[in-house]
Structures are given as C-alpha cells and as structure tokens.
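The values are calculated or read from the model by the stated rules, or taken from the named source; none is laboratory data. Please read all numbers here as calculations on a predicted model, not as lab measurements. Methodologically, a virtual Cβ is constructed for each residue, glycine included, from the backbone with ideal geometry; neighbour enumeration extends over all protein chains shown. These area figures cover heavy atoms from the full protein model, side chains too; ligands, DNA and RNA do not enter into them. Shrake-Rupley method; radii C 1.70, N 1.55, O 1.52, S 1.80 Å.
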Amino acid sequence: MRSRLTTRSARLALAAVAALALGGAATATATADSGRSTTQACATSDLTFKVTSKTQAGGYYLITAKAKPGIICHLEGVFPSASFGSHPDTEVSPAEHSVSDDVVLAGSAVAYAGISPKSTNNDNGVQFDRLHLSVAGDEENAVTLRLPDTATVDRPIATNWHADAADAVPFLN
C-alpha cells in the first residue's frame, strides 16, 4: 500500500515539474503572486473538508476545503490526491493540464476542487460510498469522507484547487 502512495506522489511531482516547464514564466509569475512565500503549505490535517453532490457537467462532487481555526496555509493549484477505493483504477486523474494559482486559506476563505467519479460514456463502473482524500504530497494522512450518494466510478478525474467554485467544475472533453 505504501509503495502505491509513494508512486502517486512521484507522479504528481513529475506532473508539476512538467507543468512548470510548459507554463514557463506565466506559471512562475502566478505562483510568485499567490502569497506562497508568506504562508506554509497546507497539510491534510490543517483542513476540514465538505463534500456536496452537483448535477452540472454530468454530475460531480464539489470538495470544499477550509483551514482549521488558527491555521493560515496555502493549497497548491494542483488536483487533490483522491481515490474511491484501494485499487489503482479508482484514483483520480487530473482534469486540467496546467497548474492553477495557489489558494491561501485562513478564516472564512475556502478552496474548491471538483471530482467526477465517471469520465467514460458507458455503463461500466464500480459503486462506492466513500472518498479517500488528501492534499497532494500528504497521502499518508488521507481522510475518508462519506459521499452524499453512491458513486459509480470509472476513470475518475479531479480539477485543481480553486478559490472560486465555478472554476472547479470537471468538464469532460
């Protein structure tokens, strides 16, 4: 189990490096302007999470992250580490192809990510009622969240963390 989690972290790190290389100066500027240098990176244990079911874009789960009282941190603009079960096929893949701005969390500020449990157009899938979620790079401290309804899962995807819920809709191509 631990090696699978490490592999996911390594893949995420490679994806972030590749995105920075492709994004060039624009990504570097966005990161510099995000306040990252003045806040610590959020750990999974720094946050509380809420899951709501949405019908837009064929149906998805909106994940809301909020810093616990007294915590000031930033979520990197990458997709969360999440899976619906322990099988690698239930791990979410990125719905976006670049890194978004970091989101600073403190007080009432929140961050949003959208997770579509099914990115395929078929009748395949396995049903789950829980989601395992963590901040990218903190997979060993994942939390398990009960879903508001049962999800049929087949090639799930997730958006990056965003400050605006409208940006966290995982549209399928």
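Among 97-109, 77-89, how do they line up by average Cβ neighbours within 10 Å per residue, starting with the highest?
Values: 97-109: 17.5, 77-89: 19.1.
Ranking the peptides 97-109, 77-89 by packing returns 77-89, 97-109.
What spacing in nm lies between the two simple spin-label points modelled at Asp129 and Thr52, each 7 Å away from Cα in the Cβ direction?
With each label point 7 Å from Cα toward Cβ, the separation is 2.3 nm.
Compactness ratio of segment 82-173: Cα Rg over 2.2 N^0.38 Å, N = residue count?
1.10
By what distance, in whole Å, do the Cα atoms of segment 49-99 stretch along each of the three principal axes, largest value first?
In descending order, the Cα extents are 36, 25, 23 Å.
Would you mind calculating the relative contact order of segment 91-153 from Cα pairs under 8 angstrom and at least 6 residues apart, reporting the percent as a whole number? Present the calculation step by step, with values, prior to reporting the outcome.
Numbers: 49 pairs, mean separation 18.5, N = 63.
After rounding, I find 29 percent.
Straight distance only, please: which lysines reach the Cα of Lys68 with their own Cα at less than 24 Å, same-chain residues fewer than 8 apart left out?
The qualifying lysines are Lys50.
How much accessible area per residue does segment 84-173 have, counting only protein heavy atoms and a probe of 1.4 Å, in square angstrom? Please report the intermediate quantities before stating the final value.
On the way: 4550 Å² over 90 residues.
It amounts to 51 Å² per residue over segment 84-173.
Tell me the carbon and sulfur percent of the accessible area for segment 32-129, rounded to whole percent, probe radius 1.4 Å.
Of the solvent-accessible surface of segment 32-129, carbon and sulfur hold 47 percent.
Tell me the volume per residue, in Å³, of the convex hull enclosing the alpha carbons of segment 107-151.
Hull volume over Cα atoms, normalised by residue count, gives 126 Å³.
What is the local net charge at Val110, summed over the other residues whose Cβ is closer than 15 Å to its Cβ (Lys, Arg +1; Asp, Glu -1)?
Charge balance near Val110 sits at -2.
Grab the beta carbon distance between Ala41 and Arg146, set R0 = 22 Å, and tell me the FRET efficiency rounded to 0.05.
Given R0 = 22 Å and the Cβ-Cβ separation, E is 0.25.
Test of understanding: what is the full-extension gain from Asn122 to Asp164, defined as 0.36 nm times their sequence separation minus their Cα-Cα distance?
Full extension from Asn122 to Asp164 adds 12.1 nm.
What FRET efficiency would be calculated for the residue pair Ser86, Ser108, taking the C-beta separation as r and a Förster radius of 35 Å, to the nearest 0.05?
0.50
Within a Cβ distance under 10 Å of Leu62, other residues only, what is the Lys/Arg minus Asp/Glu net charge?
Values: positive: Lys50, Lys54; negative: none.
Value of the local net charge: +2.
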